[in-house]
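Let me begin by presenting the structure, written as structure tokens, before commenting on it.
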Amino acid sequence: MGIKPSKSRQNLIDNLDCRLLNIPDNKKALQLLTNLNYFQVVNGLENIFLTTVHPKKFNKVSIFDFERLYYDSKKIATEISRALDDFEERLKSSISYHFSQSYCMNINDTMQYTNKNNYRDDAEFDGYPLNSEQYAKIIQTFKATESRNKFYFFNRGS
């Protein structure tokens, strides 16, 4: 696909109209394309609604179907992000709790999270998923970074 020149919002709407997309209210369609990015609303979702690809044609689809789908996908993305954030928070809390229960049970051990010997390098164990050839360069780069500054993980921000 070649580089396309910029088009006015009205030209974009006219182009969609030529593809048989129903545009019941031109003023609302212009407002939609003023508020939202054309690519994310139309190009990003058009494959769902196209009846033919060459040439691109729609059948019984309105521009407001795109708007509804766009907002529904944003809601789904927000919920997935919220669920991942909750999971991450629970995971971090669990790791912190269990590590503290194992290594930081008295006042003299409160800094054990800085002791590298309390961590294991799973990359040294057979069956570790990142031991494959595919990830070898990443692990080598990480180990080189780590060996240049062995306190990298513990001294950030200080």
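The values are calculated or read from the model by the stated rules, or taken from the named source; none is laboratory data. Here the structure is a predicted model, which is why all the values come from computation and not from measurement. For neighbour counting, all protein chains shown are included, and Cβ atoms are generated from backbone atoms with ideal geometry for every residue, glycine included. Just so you know, the surface numbers come from the protein's heavy atoms only, side chains and all, with ligands and any DNA or RNA stripped out. Shrake-Rupley method; radii C 1.70, N 1.55, O 1.52, S 1.80 Å.
One table, with the values for the structure above:
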| item | result |
| --- | --- |
| For the range 1-146, size of Cβ-based charge dipole, Lys and Arg +1, Asp and Glu -1, in debye | 960 |
| Carbon + sulfur, % of accessible area of the range 1-75 - ligands and nucleic acids excluded, 1.4 Å | 53 |
| Contour minus Cα-Cα distance for N47 and R9 (0.36 nm per residue) | 11.6 nm |
| Order by protection proxy (mean Cβ within 10 Å, highest first), peptides 7-17, 80-90 | 7-17, 80-90 |
| Percentage relative contact order, the range 15-118, counting C-alpha pairs under 8 Å, at least six apart | 23 |
| FRET efficiency, I107 to Q134 (Cβ-Cβ, R0 35 Å, nearest 0.05) | 0.20 |
| Peptides 39-47, 94-102 ordered by average Cβ neighbours within 10 Å, highest first | 39-47, 94-102 |
| Whole-number D in µm² s⁻¹ for the range 1-112, Kirkwood Cα-pair radius fed into Stokes-Einstein, 10 °C, 1.306 mPa s | 89 |
| For the range 65-108 versus the range 1-29, the gap between their alpha-carbon centres in whole angstrom | 40 |
| Those lysines that a straight Cα-Cα span of less than 28 Å connects to K116, excepting residues fewer than 8 apart in one chain | K92, K137, K143, K150 |
